[in-house]
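J.: Below: one structure in structure tokens.
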Amino acid sequence: MQFAVLMGFVLAASSPLLNRWFGERTSLLLALFPALIAGWLLSQAPLVFSEGPQLLEWEWVPSLGISLTFLLDGLSLLFGLLITVIGTCVLIYAGGYLKGHHDIARFHLALVAFMASMLGLVLADGLLTLFIFWELTSITSYLLIGFNHTDIEARKSARQGLFVTVAGGLALMAGLVLLGVASGSWSLYEILQSDDDLRQHALYTPLLICLLLGAFTKSAQFPFHFWLPNAMAAPTPVSAYLHSATMVKAGIYLLARLQPELGGTGMWVTVLSVVGATTMLTGAFLAIHHTNIKKLLAYSTIMALGTLTMLLGIGSDYAMTAFVTFLLAHSMYKGALFMVAGILDHETGTKDVTAMGGLRSVMPVTAVIAFIAALSLSGMPPLFGFIGKELMLEAALGAERVQLLLVLFAFLAAILTIAVAAVIALRPFYGARHETPKTPHEAPLSMLIGPGLLAFGSLALGLAPAMLGADAMLTSAATAVSGGALPVSLSLWYGVNVALIMSVVSLILGFLLFKRWDSVRGQLARLAPVMRYGPEAGYEGLMNGIVRFSEWQTRLLQNGYMRNYILVMLVVLIALIGNSILLRHSPQLALTLDVRFHEVIVVATMAMGALFATISRSRLGAVVSVGIMGFSIALIFILFSAPDLGITQLLVETMTVILLVLVLFRLPRFSNLSTNLERIRDGSVAATMGVLIFLLIMTAWSIDQFETISTYMVENSAPLAHGRNIVNVILVDYRALDTLGEMFVLALAAIGVIAMLKLRHGETEGKAVDGEKASVKEPYDG
Amino acid sequence: MVKSGTIILNTAARFLMPLQLMFSVFLLLRGHDEPGGGFIAGLVAAGAFTLYLFAFGVSATKEVLRMVDPRDLIGAGLLFGMISVVPAWFMGQPFLTAQWWTIPVIDFKASTPLIFDIGVYLAVLGSVMGMVMALMEVDKDEP
């Protein structure tokens, strides 16, 4: 399994090559990847059903407790199958939708990488692994929303989605760390199996708040829902996959995963029910404002996400059954509807449903698919969506807290959803033909397979839920979510009950609303001035505030004067070092004058170099005397038998002098700009720093708190690391991870320097980068 | 501003550069047992190219580097660093566990630390050369 997920990333990275070799068939080829994983997951299903959760372990950094362990139980199996099956459909569909697009390789890269991250997320057992995959889905989602990167709206939406989900990701990280600390384990499996009750733990409230923030932002819950409709700037296959069927359900997945351990408290039930129900109604209410078919679907997705959260909040057995059923039903019909929306956009050239009409005759297959999927969305029998909706209403009726509110919201949302479903299924296909920007034709087969499969799947699962293995699958998933055995047996007919009556009434009211949709929209348009003060306005305000704040602090702290940077750094250092030396330790001054003559000479040379550098009135002279200091230090290293350090110091010093000399030629003439007062200030800061560093070294020398590890390294470097040069063994073996990090820092610094120089370079050639002037106005002064 | 060098510098650079480069490879390969290693070797190699750069200017140095952009060297270095992590995975061992193989005929000890060190070498060489060449190019345009 680990191999499959990691293969996904390799496959993503090689997609540009694959595109070059296989051209238009690449989408089909890549679709094999999720299809194979789906097959493997199905083959594991009987084992999971009979034996319970399966753990696939792979120790990674055992000393830090990090392992790449995957957990396969009913819930992750259900999610894994959704990701791979819908992923297969979407990849085939994308082959048709983006046919001939010049950048399709980039699309494949991000989409397959997303697929692998999402699989990793739902299969991860380690809390930290889960977090990393979680962030990877945010990043790939950002790349996919901003796929049309020449469009400013797409870039803005991508950034908004990223900021909201990554801000939530930070909260999630805190939450997961708290969870790890509170439970004493970093493995989800162990946390779920342990007998400790985290609900009684002192950290329960903060960790729950952090986790909920992470889940709510990812899953577009009110008031963070605004990024999802904007994410519709992505190509439609992305919307169908990420922003309805999979990624936005990651937050829901996390909540469902932790429900057995954290759920059921007053806080959990109230927050999740109320936020979920509010999201549900907000989504459904905002949906009918829009005539853009993708926005309609996006808001109805928000409604569905709210429903799922609400069901998790209610937490009864009934709600858990409803949760898994609704989850499966929604992913199928919403995936299909999004792809239908993409077909309509692709064939007619418009996304506006009011601009379409009578397409039934030219696109009969699409019309049938849309009709079936919309029936499932509206919850009509005998579709699978009907079962999901019945169970959902039933669960709301059985809620223990805020029952009235939940039932009312669910009922209203149902009416609005039915109107939305009718708009999508009927408006483009019936009525009079409209002129559209493009002359519509039936979509190619590649674009019909995916939505067709999902739509007819909804029908088949509705007619015979037990036969197709849905019962077994959902039983296993519901068991994982509720924490105890919970058999699920679905059927279309539960007898005449309150839920059924609510369904029928909402159906009639919803259809009436659809009939009057145009005039209702006119009425709603009057609300526009009020709607502008939504959460999105808050987001904009916050972002602008951050930009203003950073402008202010940049002007204050990063004003481009080297002397100010150094002054700030030194003063801070003096404060920190001074604090710990003078206040926490007593400074030691055990001077032993056991020095030899040549050492004195080297040190004296060094001191003279430093002195000359400060008083020199020639820059070249100063550089050379600083160089003398550096070479003397190298000499000291060699005298104290550290040849590696000596060589390194020598080379670094040489390079520094070369770089400084190159810069010197570009500086203005040497002149005295500082006043005497400033010189006294700078001099005293420098002197204080020098004295403090001296004290620090003397004190550190006398403190002997820990046993030195150098003996261990000396003894083991040859037998364990096959190397006699301990310095090198430390760099490339003992502490290779640190070195790897340093390599990245070095690379970043070099790229930064190159970029800054090239930017100035561009300006002199008249290709000025507007707005972003090179940040350095007068970088160096005398 | 930096003019091409004198005859002495030019001649010296022409002969010294290959020697310095060979020396840098020598330092790189012996690094695990004797003083040396990727960081030092990378600096020596960068010194070799910088000397050549001072003697013959940016365009001549670019020709010597044969279309290899220093920025690509940085990337290649990071890639080598990451690649050296991979073999341990296949052996089922923790992240970054060193792997050793002996190549039989020439009796050479190949290892992931060596691959890692080559990565360090390339990253250091690329970073320093990138900065030096960027600085030189700016000079060229602003007399």
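J.: What's the longest bit of chain A with no exposed GluC sites (Glu not before Pro), using DSSP loop states and at most 12 other Cβ atoms within 10 Å as the test? Write down the numbers at each step before the final one.
T.: Details: sites that count: A:GLU400, A:GLU435, A:GLU707, A:GLU765, A:GLU772.
It runs A:1-399.
J.: Further question on the same structure: Once a ≥ b ≥ c are taken as the square roots of the eigenvalues of the Cα gyration tensor of the range A:1-66, is the result rounded (a/c under 1.5), prolate (a/b larger than b/c) or oblate (a/b not larger than b/c)?
T.: Numbers: a/c = 6.52, a/b = 1.50, b/c = 4.36.
Verdict is oblate for the range A:1-66.
J.: Taking the Cα centre of chain A as the origin, how large is its charge dipole in debye, to the nearest 20, when only Lys and Arg (+1) and Asp and Glu (-1) carry charge on their Cβ atoms? Mind dumping the intermediate values first?
T.: Numbers: 44 positive and 47 negative charges, 544 e Å.
Its charge dipole is roughly 2620 debye.
J.: Pop a pseudo-label 7 angstrom from the Cα along the beta-carbon direction at both A:ASP471 and A:SER491 and give the gap in nm to one decimal.
T.: The modelled label-to-label distance comes out at 1.0 nm.
J.: Between the range A:277-323 and the range A:80-137, what is the separation of their alpha carbon centroids in Å?
T.: 23
J.: Summing +1 for each Lys or Arg and -1 for each Asp or Glu, what net charge is found among the other residues whose Cβ lies under 11 Å from the Cβ of A:ILE424?
T.: Values: positive: A:LYS294, A:LYS334, A:ARG427; negative: none.
Residues near A:ILE424 contribute +3 overall.
J.: DSSP loop (so not H, G, I, E, B), at most 16 other Cβ within 10 Å: list which chymotrypsin sites (Phe, Trp or Tyr not before Pro) in the range A:586-654 pass both filters.
T.: Details: sites: A:PHE597, A:PHE612, A:PHE631, A:PHE637, A:PHE640; in loops: A:PHE640.
Of the chymotrypsin sites (Phe, Trp or Tyr not before Pro), the ones in loops of the range A:586-654 whose Cβ has at most 16 other Cβ atoms within 10 Å are A:PHE640.
J.: Let me ask something else about it. If you add up the charges near A:GLN54, with Lys and Arg at +1 and Asp and Glu at -1, over every other residue whose beta carbon is less than 11 angstrom from its beta carbon, what do you get?
T.: Combined, the nearby Lys, Arg, Asp and Glu give -4.
J.: Let me ask something else. Count, for each residue of B:122-130, the Cβ atoms from other chains sitting within 10 Å of its Cβ, then give me the mean as a whole number.
T.: Mean number of neighbouring Cβ atoms from other chains: 5.
J.: Moving to a separate point now. Just for the Cα atoms in chain A, what are the lengths along the principal axes, largest first, rounded to whole Å?
T.: 103, 64, 53
J.: Provide the per-residue ³J(HN,Hα) series for the range A:675-689, in order, calculated from phi with Karplus coefficients 6.51, -1.76, 1.60 and θ = phi - 60°, each as a whole number of Hz, with x at glycine and proline positions.
T.: Going residue by residue, I get 7, 4, 4, 5, 5, 5, 4, 4, x, 6, 4, 4, 5, 4, 4 Hz, with x marking Gly and Pro.
J.: Would you mind ranking A:PHE3, A:PHE133, A:PHE9 by Cβ crowding within 10 Å, fewest neighbours first?
T.: On the way: A:PHE3 10, A:PHE133 21, A:PHE9 16.
If I rank by nearby Cβ atoms, fewest first, I get A:PHE3, A:PHE9, A:PHE133.
J.: For an R0 of 35 angstrom, estimate the FRET efficiency from the Cβ-Cβ distance between A:SER361 and A:VAL504 and round to the nearest 0.05. Walk me through the numbers on the way to the answer.
T.: Numbers: r = 32 Å, r/R0 = 0.91.
It comes to 0.65.
J.: Another question about this same structure. Report, in whole Å, the centroid distance computed from the Cα atoms of the range A:194-221 and the range A:368-390.
T.: Here the answer is 34 Å between Cα centres.
J.: Which longest uninterrupted range of chain B lacks any trypsin sites (Lys or Arg not before Pro) assigned by DSSP to a loop state (not H, G, I, E or B) and surrounded by at most 13 other Cβ atoms within 10 Å? Before the final figure, lay out each step's value.
T.: Values: sites that count: B:LYS3, B:ARG66.
The reported range is B:67-143.
J.: In deg cm²/dmol and to the nearest 500, what is the mean residue ellipticity at 222 nm of chain B if only DSSP H runs of at least 4 residues count, each as -39500 (n - 2.57), divided by the residue total?
T.: Numbers: 6 runs with 99 residues, N = 143.
Mean residue ellipticity, 222 nm, calculated: -23000 deg cm²/dmol.
J.: Also: For labels at A:PHE456 and A:ARG155 in the simple 7 Å Cα→Cβ model, what's the distance in nm?
T.: 4.5
J.: With r as the distance between the Cβ atoms of B:MET22 and A:GLU57 and R0 = 56 Å, compute the FRET efficiency 1/(1 + (r/R0)^6) and round to 0.05.
T.: Once rounded, the FRET efficiency stands at 0.75.
J.: Multiply the residue gap between A:LEU611 and A:ARG25 by 0.36 nm, knock off their C-alpha separation, and tell me the result in nm, one decimal place.
T.: Details: separation 586, 0.36 × 586 = 210.96 nm, distance 7.12 nm.
Value of the extension gain: 203.8 nm.
J.: Taking the number of other C-beta atoms within 10 Å as the exposure measure, put A:TYR430, A:TYR299, A:TYR204 in order starting with the fewest. Could you put the intermediate results ahead of the total?
T.: Numbers: A:TYR430 12, A:TYR299 27, A:TYR204 19.
Going from least to most buried by this count: A:TYR430, A:TYR204, A:TYR299.
J.: Now for a different question. To the nearest 10 degrees, how steep is helix A:204-218 against the longest Cα principal axis of chain A, on a 0 to 90 scale?
T.: For A:204-218 against chain A, the angle is about 70 degrees.
J.: Filter A:LYS218/A:LYS295; A:LYS99/A:LYS758; A:LYS156/A:LYS515 down to the pairs with a C-alpha to C-alpha distance above 27 Å, please. Kindly include the intermediate steps, with their values, before the conclusion.
T.: Details: A:LYS218/A:LYS295 18 Å; A:LYS99/A:LYS758 37 Å; A:LYS156/A:LYS515 36 Å.
Too far apart for the 27 Å limit: A:LYS99/A:LYS758; A:LYS156/A:LYS515.
J.: Here's a follow-up. Within 10 Å of each candidate Cβ there may be at most 16 other Cβ atoms; applying that plus a DSSP loop requirement, which chymotrypsin sites (Phe, Trp or Tyr not before Pro) in the range A:700-746 survive?
T.: On the way: sites: A:TRP701, A:PHE706, A:TYR712, A:TYR734, A:PHE744; in loops: A:PHE706.
Passing sites in the range A:700-746 are A:PHE706.
J.: Magnitude of the Cβ-charge dipole of chain B, K/R +1 and D/E -1, about the Cα centre, nearest 20 debye?
T.: On the way: 8 positive and 11 negative charges, 37 e Å.
Computed charge dipole of chain B: roughly 180 debye.
J.: Also: Using only Cα atoms, find the angle between the long axis of helix B:7-30 and the longest principal axis of chain B, and express it within 0 to 90 degrees, rounded to the nearest 10.
T.: With both axes taken from Cα atoms, the answer is about 10 degrees.
J.: Which FRET efficiency value, to the nearest 0.05, is calculated for A:GLU742 and A:ALA167 with the Förster distance at 35 angstrom and r the Cβ-Cβ distance? Show your work: numbers first, answer last.
T.: Working: r = 29 Å, r/R0 = 0.84.
Efficiency at R0 = 35 Å is approximately 0.75.
J.: At 7 Å along the Cα-to-beta-carbon direction for both A:GLU551 and A:HIS201, put a label point, then send me their distance in nm to one decimal.
T.: 4.5
J.: Further question on the same structure: At 222 nm, what value in deg cm²/dmol follows for chain A if DSSP H runs of at least 4 each add -39500 (n - 2.57) and the sum is divided by all its residues, to the nearest 500?
T.: Values: 32 runs with 550 residues, N = 782.
Dividing the helical sum by the residues of chain A leaves -23500 deg cm²/dmol.
J.: A further question follows. Which ordering of A:ILE633, B:ILE118 is given by a fewest-first count of other beta-carbon atoms within 10 Å?
T.: Details: A:ILE633 19, B:ILE118 23.
Starting with the residue having the fewest Cβ neighbours, the order is A:ILE633, B:ILE118.
J.: Which of the trypsin sites (Lys or Arg not before Pro) across the range A:520-603 are loop residues per DSSP, with 13 or fewer other Cβ within 10 Å? It would help to have the intermediate numbers written out before the result.
T.: Working: sites: A:ARG521, A:ARG526, A:ARG532, A:ARG548, A:ARG555, A:ARG563, A:ARG584, A:ARG596; in loops: A:ARG526, A:ARG532, A:ARG596.
Here the sparse-neighbourhood loop sites are A:ARG526, A:ARG532, A:ARG596.
Read-outs throughout are calculated quantities, based only on the coordinates presented, and are distinct from any laboratory measurement. The structure displayed is predicted, hence computed values, not measured ones. Here Cβ is always computed from backbone atoms with ideal geometry, including for glycine, and neighbour counts include all displayed protein chains.
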